[in-house]
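These notes are about the structure you will find just below.
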């Protein structure tokens with residue numbers, strides 16, 4: 001009965017209550033649209049990563065330190081740091097914590 005409904009009311013209803021609920025529904029809709037726009041913007045930035053930058057980001061999100069990422073990808077630590085910096089710049093992340101927050105990923109420690 002409530003599938004897709006924001007709220008429901010029984011008759012008879014107060015006009016002010018109806019107006020309040022309509023305003024609440026509009027605010028909720030705007031909030032959802034804003035979240036969707038932010039997600040689409042981030043997804044487009046994520047698509048700009050090179051395959052290697054994506055590998056590095058995935059390894060970072062798995063909680064691996066740079067040294068382990070370098071070993072796993074068979075590249076130097078300096079190269080990992082370069083790819084990491086490029087990816088952070090492209091994603092608009094100012095810190096590692098910011099990256100985790102933007103991706104909605106729980107932080108893992110190894």
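Bear in mind these aren't lab numbers, they're just calculated from the coordinates by the rules spelled out. Here the structure is a predicted model, which is why all the values come from computation and not from measurement. For neighbour counting, all protein chains shown are included, and Cβ atoms are generated from backbone atoms with ideal geometry for every residue, glycine included.
Angle, helix 77-91 long axis vs. longest principal axis of the chain, Cα atoms, 0 to 90°, nearest 10?
Value to nearest ten degrees: 20.
Which three extents, in angstrom, do the Cα atoms of the stretch 15-103 have along their principal axes, listed largest first?
68, 22, 18
Of 12, 51, 65, which has the largest mean-square fluctuation in a 10 Å C-alpha GNM of the chain?
Highest fluctuation of the listed residues: 12.
If I fit a long axis through the Cα atoms of helix 51-61 and take the longest principal axis of the Cα atoms of the chain, what angle between them do I get, 0 to 90°, rounded to 10?
Rounded to the nearest ten degrees, it is 70.
Compute the FRET efficiency between residue 10 and residue 45 as 1/(1 + (r/R0)^6), taking r as their Cβ-Cβ distance and R0 = 41 Å, and round to the nearest 0.05. Write down the numbers at each step before the final one.
Numbers: r = 46 Å, r/R0 = 1.13.
Plugging the Cβ-Cβ distance into 1/(1 + (r/R0)^6) gives 0.30.
In nm, to one decimal, how far is the residue 95 label point from the residue 62 one, both placed 7 Å along Cα→Cβ?
About 2.6 nm, to one decimal.
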